[in-house]
Amino acid sequence: MNTIVATVLSVHSGSNDDLSKEAHSVIHVGLDGVEGDRHRSYQRSTWEGDKQPQGTIRRNERQWSAVSAEELAEISAAMDLAESLTAECLGANLCLVGVSQLSRLPKGTLLKFPSGAELVVEEFNPPCHDMSKKIASKYATRSGEPLASTAFSKAAKLTRGVVGVVEAAGAINAGDEVAIEIYETPEWLLRSPE
């Protein structure tokens with residue numbers, strides 16, 4: 001199994017109307033998600049363009065979200081921002097450093113923390129239009145040109161981070177090392193050539 005060791009740069013939770021989250025020194029995750037967070041639940045309602053028709057109640061595969069410092073820097077550079085994007089602004093629960101292609105981690109990848117907390121990656125987190133509009137209204141470019149309401153959606157297309165579910169409860173601290181066990185199809189599942 002391929003394992004990457006990264007560091008938790010910051011942790012966040014919250015239920016703000018503007019989709020942002022507050023930074024904390026520690027967050028606690030239960031089997032239903034991050035304590036004090038708007039996405040904490042076993043279920044969620046779907047939105048327009050989701051996997052099921054809008055308003056369907058489904059399993060919540062988005063109990064937590066994570067971004068990487070490296071990908072935030074990429075997005076900020078692509079948008080020519082005067083000030084770098086932050087995990088708080090993007091509403092992420094975790095910001096990791098040391099995993100430059102976080103958004104490309106496959107489903108089933110496991111994030112293990114010193115407390116025993118474990119998170120499982122469910123999918124890539126696509127940039128949404130509401131977040132893109134919010135960023136366009138709050139951030140400025142180095143050139144002074146206004147940001148288009150779609151600038152973030154375009155720049156973050158493949159670097160927005162990942163979402164997932166809690167596998168084991170525990171605490172996650174800013175500064176923790178995290179072992180990222182990248183999912184690989186087990187040998188016994190691979191078909192041999194016939």
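Throughout, read-outs are computed from the coordinates displayed, never taken from laboratory work. Small disclaimer: the values here were computed from a predicted structure and weren't measured. Using ideal geometry, Cβ is built from the backbone for each residue, glycine included, and neighbour counts are taken over all protein chains shown.
Taking Cα centre as origin and charging only the Cβ of basic (Lys, Arg, +1) and acidic (Asp, Glu, -1) residues, the dipole magnitude of the chain rounds to 480 debye. Residue exposure proxy: Asp176, Asp18, ordered by other Cβ atoms within 10 angstrom of their Cβ from fewest to most, comes out as Asp18, Asp176. Per-residue Cβ neighbour counts within 10 Å put Lys157, Lys133 in the sequence Lys157, Lys133, beginning with the fewest.
Considering only alpha-carbon pairs that sit under 8 angstrom and 6 or more positions apart, the relative contact order computed for the range 117-157 is 43 percent.
With N as its number of residues, the range 122-190 has a Cα radius of gyration that, divided by 2.2 N^0.38 Å, comes to 1.63.
Under 5 Å between amide hydrogens, built in the peptide plane, is the criterion, and for Gly164 it picks out Gln63, Trp64, Glu122 among residues at least 5 positions away or on other chains. Annotation: the residues Val120, Val11, sorted from fewest to most other C-beta atoms within 10 Å of their own C-beta, follow the order Val120, Val11. Of all DSSP bridge pairs formed entirely within the range 17-133, close to 75 percent run antiparallel. Using a cutoff of 8 angstrom between alpha carbon atoms and counting only pairs six or more residues apart, the relative contact order for the chain works out to 32 percent.
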